[in-house]
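Asks: Before I ask anything, here is the structure I am working with.
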Amino acid sequence: MSPALHQLNADLHAHSSVSDGALAPRALVARARERRVELFALTDHDTVDGVAEAQAAALEFGLRFVAGVEISVTWAGETVHVVGLGIDPAHAALRAGLEGVRAGRLQRGREMGEQLARAGIDGAFDGALALAGNPDLLSRTHFARWLVHTGHCGDTREVFRRYLVAGRPGYVPHRWAALADAVHWIGDAGGVAVLAHPGRYRLDETRLDALLSEFRALGGAAIEVATSNHGRHEAKRFANHAKWFGLEASRGSDFHSPDDGDVELGRVDHLPSALVPVWHRFA
Ligand code: AMP
Ligand code: MN
Ligand code: MN
Ligand code: MN
C-alpha cells in the first residue's frame, strides 16, 4: 500500500438528516469539502434515501463519494452496527431488507415516550418525532436532542448516561437485522461490509472474537479502527484485531451534528501503516 493511501483524508462514516444527523445530505457534503475530506461516504442508519442527493452534491463540489449505509443488527442479544460501502442504492434486496429493519422504530419510540412519562418526563415522543425528518427513522438520537433542548439534560452524553440505555428510563430493547442478513444485503448490492465502532459494544474478549470470526466467515471484509468512538487505546486494540483476523481497516468520524463539538468531519487519526485501508477499493 502506498503511504499516500494511508494519508488520504477518507471519512467513510457520517449521518445526514435523512436518519439522525442534523444536516441535509447536500449541506453535509459541503461541510465535508470545507473540512478537506478527500473521499466521503454517507452512511445513514437503515436507509439509502439520502445517497442520491449526496452523490449529486459531491459531483458538484468535486468530492470523491462512496454510497453507504449503516445497518442496525442484533447479534447475541447485543446491538451492533454494520456499515456497507460502495453499495448500489437501487438494489432491490438491500432496499427491502432496510425497509424491514426500519419497521418498528415508531412503535419503539412510542414505548420509549411512555417510559419517560412514567419517569416524570412528558411529551418526549411528540418532541422527538418533531425533530426526526422521517418517522420511520425515529432514533434515540432524536430523543436525546429533545431532552437536551428542553433542559432535562445538559448534553447528549448525559442523556445516554441517565436515559435511553439498558437499565435506565426510556430504554426499549429492540430486535434489529440478523448479522448474516445485513452482510449479505450489502454484498448482494455490490458493497463491502465493515463492522462499525467495535469499541462501543459491551462484549468481552471471547464474545468479540466470536463476533469477528462470524462476521469474517459471512463475508465481512473490514472493521473500523479510526473512529471518534474509539480512544487511542481502542484504536490500537482494534488495529491488532484487524491484523489478527485478516480484516481491512476503515476510518470515519461518525459525524452527526455541528453541535457535537468534539466530533468533526475528516477529523480522525490516520490508520497505522501496517493495516490495509478498506478504501483501496474506491480510491
Ligand atoms: P437507535 O438506532 O435509535 O437505537 O439510536 C442509536 C444512535 O444513538 C446512535 O447511532 C448514536 O447516534 C446515538 N448514540 C447511542 N449511544 C450514544 C452515546 N453513548 N452517546 C451519544 N450518542 C449515542
Ligand atoms: Mn446515529
Ligand atoms: Mn453506529
Ligand atoms: Mn453511525
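The values are calculated or read from the model by the stated rules, or taken from the named source; none is laboratory data. Bear in mind the structure is a predicted one, so any value in this text is a computation, not a measurement. Methodologically, a virtual Cβ is constructed for each residue, glycine included, from the backbone with ideal geometry; neighbour enumeration extends over all protein chains shown.
Asks: In segment 1-46, which residue that is touching a residue at least 40 places away in the same chain (Cβ under 8 Å) and β-branched (Val, Ile, Thr) is farthest from ligand 1 (Cβ to nearest atom)?
Replies: The residue in question is Val37.
Asks: Residue check: is Gln115 of a type outside the set (A, V, I, L, M) and over 18 Å from Val165 (Cβ atoms)?
Replies: Taking the combined requirement at face value, the residue does not satisfy it.
Asks: For residues that are modelled with pLDDT of 95 or more and assigned to a loop (DSSP other than H, G, I, E, B), tally how many sit in segment 113-165.
Replies: Number of matching residues: 16.
Asks: Please go through segment 74-89 and pick out each residue that is farther than 15 Å from Leu42 by Cβ, of a type outside the set (Ser, Thr, Tyr) and more than 10 Å from ligand 3 (Cβ to nearest atom).
Replies: Of everything in segment 74-89, those that are farther than 15 Å from Leu42 by Cβ, of a type outside the set (Ser, Thr, Tyr) and more than 10 Å from ligand 3 (Cβ to nearest atom) turn out to be Trp75, Ala76, Gly77, Glu78.
Asks: Now a separate question. Could you check, for segment 214-229, whether at least one of its residues is within 16 Å of ligand 2 (Cβ to nearest atom) and farther than 27 Å from Trp146 by Cβ?
Replies: Yes, because at least one residue in segment 214-229 is within 16 Å of ligand 2 (Cβ to nearest atom) and farther than 27 Å from Trp146 by Cβ.
Asks: Then there's this: Just to be sure I understand, how many residues within segment 108-139 are under 13 Å from Tyr171 (Cβ atoms), within 16 Å of ligand 2 (Cβ to nearest atom) and touching a residue at least 60 places away in the same chain (Cβ under 8 Å)?
Replies: Residues flagged as under 13 Å from Tyr171 (Cβ atoms), within 16 Å of ligand 2 (Cβ to nearest atom) and touching a residue at least 60 places away in the same chain (Cβ under 8 Å) within segment 108-139 amount to 2.
Asks: Still on this structure, please answer the following. Does segment 144-161 hold any residues that are surrounded by 15 or more Cβ atoms within 10 Å (Cβ to Cβ) and either within 8 Å of ligand 1 (Cβ to nearest atom) or more than 17 Å from Asp20 (Cα to Cα) (or both), and which are they?
Replies: Passing the criteria: Ala144, His152, Cys153, Thr156, Val159, Phe160.
Asks: While we're looking at this one, here's another question. Identify, from the list Leu8, Leu42, the residue that is closer than 27 Å to Val276 by Cα, surrounded by 24 or more Cβ atoms within 10 Å (Cβ to Cβ) and in contact with a helix residue (DSSP H, G or I) (Cβ under 9 Å, 6 or more places away or on another chain).
Replies: Details: Leu8 fails: surrounded by 24 or more Cβ atoms within 10 Å (Cβ to Cβ).
Being closer than 27 Å to Val276 by Cα, surrounded by 24 or more Cβ atoms within 10 Å (Cβ to Cβ) and in contact with a helix residue (DSSP H, G or I) (Cβ under 9 Å, 6 or more places away or on another chain) holds for just one of Leu8, Leu42, which is Leu42.
Asks: Within segment 22-67, which residues are more than 16 Å from ligand 3 (Cβ to nearest atom) and part of a strand (DSSP E or B)?
Replies: Leu39, Phe40, Arg64, Phe65, Val66, Ala67
Asks: Spot the failing condition for Ser72; the list is (1) surrounded by fewer than 22 Cβ atoms within 10 Å (Cβ to Cβ); (2) out of contact with any helix residue (DSSP H, G or I) (no Cβ under 7 Å at 6 or more places or on another chain), and only one is missed.
Replies: (2)
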